[in-house]
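J.: My structure is below; once you've seen it, I'll send some questions.
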Amino acid sequence: MKKIYILSYSDATGSRDVVKNWLNKEPLVTHWRYDMPHCFYIVSEATANELSKSFVAFNGKKGRHLIAEITDNRQGLLSPSSWFLMKNKKPAPKEIIKSSE
């Protein structure tokens, strides 16, 4: 079953490009997006533990990171594309993406 996670990481973990590189190479990750610094939203059927172990294997034990499941108990000021991903566990259609630019 697909789940949505939030990955938050410290500066010492590496740059956004380092994390994007892992997300693009990791077969456990179905979709991902970002719209805030030091934060990614990840869709996966894996557990948070499996994703974290994969990230550590890729990047080492640099800095700090947290991967936590996002439940229906959530609120905030995010883009329509991010809310769509959290609700539907798939990327937003083009009309939603266009409205959030």
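The values are calculated or read from the model by the stated rules, or taken from the named source; none is laboratory data. What you see is a predicted model; the values in this text were computed from it and never measured. Here the Cβ is made from the backbone with ideal geometry for all residues, glycine too, and neighbour counts use every protein chain on show. Side chains included, ligands, DNA and RNA excluded: accessible areas come from the protein's heavy atoms. Shrake-Rupley method; radii C 1.70, N 1.55, O 1.52, S 1.80 Å.
J.: When a/c is below 1.5 the answer is rounded, else prolate if a/b is larger than b/c, else oblate, so apply that to segment 1-51 with a ≥ b ≥ c taken from the square roots of the Cα gyration tensor eigenvalues. Each step should come with its number before you reach the end.
T.: Working: a/c = 1.81, a/b = 1.64, b/c = 1.10.
Prolate is the answer for segment 1-51, as a/c is 1.5 or above and a/b outweighs b/c.
J.: Please get the size of the charge dipole for the chain, origin at its Cα centre, with Cβ charges of +1 on Lys and Arg and -1 on Asp and Glu, quoted in debye to the nearest 20.
T.: Values: 16 positive and 10 negative charges, 23 e Å.
Roughly 120 debye, rounded to the nearest 20.
J.: What list of whole percents do you get for P(r) of segment 37-83, with Cα-Cα distances grouped in 5 Å bins up to the one holding the largest distance?
T.: Here the calculated profile for segment 37-83 is 4, 15, 25, 25, 15, 11, 4.
J.: How high is the FRET efficiency between Val18 and Asn49 when r is their beta carbon distance and R₀ equals 25 Å, given to the nearest 0.05? All intermediate terms of the calculation are to be shown ahead of the outcome.
T.: On the way: r = 21 Å, r/R0 = 0.83.
Once rounded, the FRET efficiency stands at 0.75.
J.: Hey, can you find the accessible area per residue of segment 11-101 for me, probe 1.4 Å, expressed in square angstrom?
T.: Numbers: 5850 Å² over 91 residues.
Spelled out: the 1.4 Å probe surface of segment 11-101, per residue, equals 64 Å².
J.: Now for a different question. For an R0 of 41 angstrom, estimate the FRET efficiency from the Cβ-Cβ distance between Asp72 and Lys94 and round to the nearest 0.05. It would help to have the intermediate numbers written out before the result.
T.: Values: r = 26 Å, r/R0 = 0.63.
Approximately 0.95, to the nearest 0.05.
J.: Semi-axes of the equivalent ellipsoid of the chain: what are they in whole Å, largest first, if each equals the square root of 5 times a C-alpha gyration tensor eigenvalue?
T.: After scaling each eigenvalue by five and taking roots: 22, 15, 13 Å.
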